[in-house]
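Student: Structure in structure tokens, see below.
Each reported figure results from applying straightforward, stated rules to the coordinates on display, with no laboratory input. Bear in mind the structure is a predicted one, so any value in this text is a computation, not a measurement. Positions of Cβ are backbone-derived with ideal geometry, glycine not excepted, and every protein chain shown enters the neighbour counts.
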Amino acid sequence: MLILKCPYCGVACDETELHAGGEAHLTRHGPGSSDADFEEYLFMRENPRGVHFERWRHVYGCGKWFHAARDTATLEVFGTYSAQVAEPPKDVRAAITAKVPGWRWRDLS
Amino acid sequence: MSFRLDTGGRFIDRSKPRSFTFNGKAMRGFEGDTLASALLGQGQMLVGRSFKYHRPRGIVASGSEEPNALMNLGRDKTFEPNARATTTELFDGLEAESQNHWPSLEFDIGELNAKLSRFLPAGFYYKMFLWPRSFWKHVYEPIIRKSAGLGRAPRHRDADHYEHFNATVDVLVVGGGIAGLQAAKAAGEAGAEVLLIEQGAHWGGRAPVDGAVIDGVPAAEWVEATVAALGAMPNVAIRARTMGAGVYDHGYALAYERLTDHAPDPSLPRHRLWRIRAGRIVTATGAIERPLSFAGNDLPGVMLASAVRDYVTNYAVAPGKCVVVVTNNDDGYRTALTVQEAGLEVVVLDARSEANGPLAEQARAAGITVRVGRGIESVKGKGKVEKVWVCDQTRDGSNPDPIKADCVAMAGGWSPVVHLWSHCGGKLSWQEDGAFFRPDPERAPNGADGAAFVLAAGAANGELETAAVLTDAYVAGARAAAEAGATGTAGAAATADVELSEPMLPVWNMPERASYALRSKAWLDYQNDVKVTDVELAAREGFESVEHTKRYTTLGMATDQGKLSNINGLAVLAGALDQEIPKVGTTTFRPPYHPISMGAIAGEARGALFQPVRQTPMYDWHDANGAHWEPVGHWRRPYAYVKPGEDVHAAVKREVLATRNSLGLLDASTLGKLVVKGPDAGKFMDMMYTNMMSTLPVGKCRYGLMCSENGFLSDDGVVARMDDDTWLCHTTTGGADRIHAHMEEWLQTEWWDWKVYVANVTEQYAQVAVVGPNARKVLEKLGGMDVSKEALPFMQWAEGAIGQFSARVFRISFSGELSYEIAVPASQGRAFWDALLEAGSEFGVTPYGTEALHIMRAEKGFIMIGDETDGTVIPQDLGLNWAISKKKEDFLGKRAQERDHMTDPLRWKLVGLETLDGSVLPDGSYAVGEGVNDNGQRVVQGRVTSTYFSPTLERGIAMGLVELGPDRMGEVIAFNRVDGTFVQAKIVDPVVFDPEGEKQNV
């Protein structure tokens, strides 16, 4: 059972307090987008073994959505951060690089 | 035959005799006995029948690894199946019965299976019972079900109660042997908050039985002093009878405490499930001895050597008078010395070609016969050990010589208990000397910080000598404390003399070149009846992966999860595949370590506490007036109010007619009420709903649809514009929390710069639908605000007073009648309900439930989320295009609804269905088409989504989704019934009552 620290209220949350929201940093494609873009947005996900960025909601706590960077294989958590950013902040990416040199996720590294 | 010795017994108190029954027979033991030791003390060697062949089985072990001695305990409301006699502490009045026998333990019909064992190899069920197909259900399965299985499932509700307990500690130490005690002491001295748990009732593990000397005193004295020292440390908690059941992600662990199993007391919880968060977990879970694989190794009287000395030393029970110790290592000699000291005859058969270690020399010096290079060809006897045939271990077992014996003690080497280490991904490495898997510290389970959070200590870490155990445990305890943040310094480690021993010899077959006949009588897994030849067969048939072999043979799949059989089975598989054992690998270790009770898992969450029930302010009135309850989400809503002398169908019919003809009341408090407010609320509402909500004038209501981003209809309800920047969204009863979360998700994660606030105010208001031709009259009678057609037309709302109640009145209708939905503060709900009942009595006011609501909405062709929708239906399927804005550039679901599958003209669409014979269509029935599809199934062209008997029309009414339905009005199609017949129904308009809306718009 994972523990993730909610970046809003600072609580170290048990997984049972949280709601998992799948992959982070999706770009919404709405009306006017191509079929390929829309299907990519709606259906295609990374599913990596290793570094991953996810959305979580502190549902039985402050109710806020946040992002977590963690390793899906070792369950190591590199950091949690605001849901209101388009990509992982520098410090989180640096923390990952320190632990997993050469990591890649989509076009991030 | 086993018997009680006249003296000794560390755990028993001879001054306190205890009586119990076994299969109805009265027996006696002593306080401190386990059920197993008490049975052996009474000479009861035969304790059960094996799972598949119904072979007679006896007690093999002395702890939780016991595969055979499974018992039904207690009766009726305290009945429990599959309890291990070895872990069941004896108390006065204990009732036990053996399992898997019919008609009796001594005479069992199923023993025939053993005679047929050549015809029941691994995979037999898969091969034999496949054909003919129809035989499985009617012939094979009932027979197999009757003869297979272990204990019966309890028939009564459990009378005991259980609880959960949360704990957060720096260091959790699992196992109360000398390693666990030393680790906990080191961690505690370093200042960590420590919880030390031990599955059994006693501290110290094997060390006192094995004769260890620690810090210059016998182990038992050191254990006593250390337990006392730990008890005096304020930062250390210790719990006996508490088993570490599982280790999970990020330092989470479950422990299972058995509070009253040894002394039943209904006032206390029987079991307690500890939910523990630990900074570090030290697994000091010891090691389990391995059996040896020789023919007849499952006869009652064949036991683990360590168990034999446990019974002699701890319980003063001799498993037999003439004991043959068969060993491949020095540790077996400890058993020989123990039983000789107890006055029993003993012979040692050592599979190694020579044995000159200190223990072997000590045995010889004590006058014990030691025969090296020897193994057991077979053990023979009728239901018990009578004769042991001794042979050359390196050969094929020919020319054996017999020894008369009634007990065989198997010392096959030790396997560290690595279960808890492995539960959360810890990996193992193979240790050649000792022939076992041990935790690989380089590949430990990692926590959130990326560091190992489980540390193995002592025998569980592969350290089997006392001195090494203590050093290893001290290091683990001190390291765990430091890593968990403790800053103190641990005191000195306990010391012990180094015990010299000679290397063990891995023995996987006894004798080494045993014939097929011998191997087919050599058991690996006692509980699931898996033999050496079964694993070999699996390998021959291509089940080369250990996980496949496990499932094909069922090796290690019984309730002991292969505690005894795992390594021996792997070794046999490796041999059959001609591979190294570490190449073959192990199967996956999964929690719990040992079965835990369902009661402990449920804890307090049973009966009324299973889940919260949400009640409206009018709940008590409903309950007192015949409410037939229906669960809707966590709410309870009245399905109908059943009057004396009436059945529920009659009640529903009465409620519909009374509402249509005069006046009905519905408790609509459960409908979701979400307030959406802020400068950007209009923009947000336009994204959430398919309709244009930003243009809704203040004071007006609009029916709206919400879709998910993939276009499917997710919820519906009436939206009211409260003021310039405020909308009130009504959702379905089950949808309120979900839709609230849905709105928050989009606001927080996509449009986080929009200034919008959403609040779920569902429970702040009680809401009553006042419905029927006399609805206005009853409100006018109560007085207050103007509710006339002119002042409050259809689809408008107003705030004011109804009688003495401040209210919001919405002129909306889900029934097709003149209808007011009136919200009052929740605290006023019951008083308002009562006032309506009183004022309405002259109109025959009739409260109605959800079924009448459903029927009336279906008569009007209104859809219901969950009936007409199932997560694959888009609004266009339901003819709701009028509620989908064509002006808006974007809303959730818009892009998805443009995908080609969504615009396919052949999508099933909503229509009304009218049976030709007036009957009610079966719920979920399919409209059948012509021919069959590619899978040979009958083609279908539609399905029923809602179907009711309409009291208004006095016939069945239905809605359904039908291919090209709206274009086929008047066509008659066939719907299937469960009995294989069909019913003809005509495609009609879904609105079958008051299509012009003349009744609601007055």
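Student: Hey, got a sec? Which GluC sites (Glu not before Pro) in the range B:453-523 land in a DSSP loop and have at most 14 other Cβ atoms within 10 Å?
Tutor: none
Student: Could you compute how fast chain A diffuses translationally, taking Rh as the Kirkwood radius over C-alpha pairs and applying Stokes-Einstein at 20 °C with viscosity 1.002 mPa s? Give it in µm² per second.
Tutor: Result for D is 146 µm²/s.
Student: So, one more: On a 31 Å Cα-Cα criterion, which of the cross-link pairs A:Lys99/B:Lys894; A:Lys64/A:Lys90; B:Lys16/B:Lys185; A:Lys90/B:Lys894; B:Lys700/B:Lys860 come out too long?
Tutor: From the list (A:Lys99/B:Lys894; A:Lys64/A:Lys90; B:Lys16/B:Lys185; A:Lys90/B:Lys894; B:Lys700/B:Lys860), the Cα-Cα distance tops 31 Å for A:Lys99/B:Lys894; B:Lys16/B:Lys185; A:Lys90/B:Lys894.
Student: While we're on this one: Could you tell me the convex hull volume per residue, in Å³, taken over the Cα atoms of the range B:227-336?
Tutor: Residue-normalised Cα hull volume stands at 207 Å³.
Student: Hey, another quick one. Label the range B:514-563 by shape, choosing from rounded, prolate and oblate, from the square roots a ≥ b ≥ c of the eigenvalues of the Cα gyration tensor; if a/c is under 1.5 it is rounded, and otherwise prolate applies when a/b is larger than b/c, oblate when it is not.
Tutor: Here the range B:514-563 falls in the oblate category.
Student: Can you bin every Cα-Cα distance in the protein assembly as shown into 20 Å intervals starting at zero and give me the percent of pairs per bin, rounded to whole numbers?
Tutor: 10, 31, 29, 22, 7, 0
Student: Taking 60 Å as R0, compute the FRET efficiency from the Cβ-Cβ separation of B:Ala801 and B:Thr168 and round it to 0.05.
Tutor: With a Förster radius of 60 Å, E is 0.65.
Student: Determine the dipole magnitude for the protein assembly as shown: charges of +1 sit on the beta-carbon of Lys and Arg, -1 on that of Asp and Glu, nothing else is charged, the reference point is the Cα centre, and the result goes in debye to the nearest 20.
Tutor: I would put it at about 1760 debye.
Student: Excluding same-chain residues fewer than 8 positions from B:Lys531, which lysines have a Cα within less than 20 Å of its Cα?
Tutor: Partners within reach: B:Lys52, B:Lys115, B:Lys127, B:Lys380, B:Lys382, B:Lys384, B:Lys521, B:Lys550, B:Lys563.
Student: Neighbour counts of other C-beta atoms within 10 Å: give me B:Val247, B:Val370, B:Val498 arranged from fewest to most.
Tutor: Taking fewest neighbouring Cβ atoms as first place, the list is B:Val498, B:Val370, B:Val247.
Student: If you don't mind, another one. What GluC sites (Glu not before Pro) in the range B:863-919 are in a loop by DSSP, with at most 14 other Cβ atoms within 10 Å of the Cβ?
Tutor: B:Glu889
Student: Also: Hey, what did chain B get for relative contact order, percent, Cα under 8 Å, at least 6 apart?
Tutor: 9 percent
Student: Compute the distance from the alpha-carbon center of the range B:1-31 to that of the range B:596-621, in whole Å.
Tutor: The two parts, judged by their Cα centres, are 43 Å apart.
Student: Let me check against my output: what whole-number percent is the relative contact order of chain A, with C-alpha pairs under 8 Å and at least 6 apart?
Tutor: Worked out over chain A, it gives 23 percent.
Student: How many angstrom lie between the Cα centre of the range B:396-439 and the Cα centre of the range B:521-561?
Tutor: So the two Cα centres are separated by 16 Å.
Student: Using only DSSP helix segments of four residues or longer, with each worth -39500 (n - 2.57), what per-residue ellipticity at 222 nm results for chain B after dividing by its residue count and rounding to 500?
Tutor: It lands at -6000 deg cm²/dmol.
Student: Run the numbers on the range B:374-433 and let me know its relative contact order in percent, using alpha-carbon pairs under 8 Å that are six or more apart.
Tutor: 23 percent
Student: What is the range B:292-412 by shape, rounded, prolate or oblate, if you read a ≥ b ≥ c off the alpha carbon gyration tensor as root eigenvalues and call it rounded for a/c under 1.5, prolate for a/b larger than b/c, and oblate otherwise?
Tutor: Cα axes put the range B:292-412 in the oblate bin.
Student: Shifting gears a bit: Determine, for A:Phe66, B:Phe975, B:Phe982, B:Phe805, the number of other Cβ atoms within 10 Å of each Cβ, and report the residues in order from fewest to most.
Tutor: By the 10 Å Cβ count, ascending: B:Phe982, B:Phe805, B:Phe975, A:Phe66.
Student: So, one more: Among B:Arg636, B:Arg28, which comes first, then next, by fewest other beta-carbon atoms within 10 Å?
Tutor: Fewest to most other Cβ atoms nearby, the residues stand as B:Arg28, B:Arg636.
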